[in-house]
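Here is the structure we will look at, set down as structure tokens.
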Amino acid sequence: MGLTLLKQAETIPRQRAAARARTASLERWLTVLTRDELLALVREQIAGDRELRRRLELRAATAHGDLDTVGQRILALVDPRPFARYGYVEYADSASYARQVAEAANALRTLTADGQATQAVSLAEQAIEALGKTYEEIDDSDGVVGQGAGRWPPLTWTRAGPPARTRSSWPSGWSATCSGTETM
């Protein structure tokens with residue numbers, strides 16, 4: 001790999017410059033689109049990309065405080081079945097699955113920031129239990145799924161119990177320890 005890199009050392013700056021130019025061109029194009037053109041573009045993309053659609057549905061539900069939909073979307077995001085072609089999530093698919101787990105974490109963080117930490121705790125428990133049931137069927141050799149789940153927000157359980165608690169029903173290595181502050 002090092003020899004290949006040395007052979008291509010002269011082309012790397014050009015490739016980086018070309019990538020920056022493509023990004024700038026895309027930014028310029030997006031900037032001049034009208035609101036309706038942008039909406040049409042987003043609708044076109046979500047029609048063909050189920051993962052993007054799920055992420056945007058979750059963001060919309062979180063923004064509107066639709067806790068039922070948020071809960072359904074979070075559980076759908078941590079469900080590994082769409083990635084499990086042979087009954088388990090292969091190494092090659094674990095990064096895509098981890099992005100979904102991280103998106104679920106972002107939704108929980110948004111709920112927490114919006115003063116809905118109690119609901120976020122309940123949803124986090126459900127999501128961790130769902131993930132825990134199938135975690136052994138995921139090739140998480142790089143730890144990317146665990147990192148995504150690790151982004152779930154720390155919360156205080158002021159009404160629910162002591163400042164820290166774990167569930168013995170979760171598999172080893174998975175627990176929810178909550179700390180920080182919660183507004184009620």
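Just one of the numbered conditions (1) in contact with a Gly (Cβ under 9 Å, 6 or more places away or on another chain); (2) open to solvent by 30 Å² or more (accessible area, probe 1.4 Å); (3) closer than 17 Å to R55 by Cα is not true of A95; which one? Going through the list (1) in contact with a Gly (Cβ under 9 Å, 6 or more places away or on another chain); (2) open to solvent by 30 Å² or more (accessible area, probe 1.4 Å); (3) closer than 17 Å to R55 by Cα, A95 breaks only (1). For the range 23-53, filtering for residues that are surrounded by 10 or more Cβ atoms within 10 Å (Cβ to Cβ), over 25 Å from the mean Cα position of the chain (by Cα) and charged (D, E, K, R) leaves 1. Screening R85 on (1) touching an Asp or Glu at 6+ places or on another chain (Cβ under 9 Å); (2) at pLDDT 90 or above shows it passes everything except condition (2).
Here the condition is being within 20 Å of L131 (Cα to Cα), in contact (Cβ under 8 Å) with a residue 24 or more places away in the chain and loosely packed, with under 11 Cβ neighbours inside 10 Å; of G71, G87, it holds for G87 alone. For the range 120-174, taking the residues that are at pLDDT 65 or above and open to solvent by 70 Å² or more (accessible area, probe 1.4 Å), the one that is nearest to D68 (Cα to Cα) is identified as Q126.
The values are calculated or read from the model by the stated rules, or taken from the named source; none is laboratory data. All values reported here derive from a predicted model rather than from experimental measurement. So basically every Cβ, Gly included, is an ideal-geometry build from the backbone, and we count neighbours across all protein chains shown. Side chains included, ligands, DNA and RNA excluded: accessible areas come from the protein's heavy atoms. Shrake-Rupley method; radii C 1.70, N 1.55, O 1.52, S 1.80 Å.
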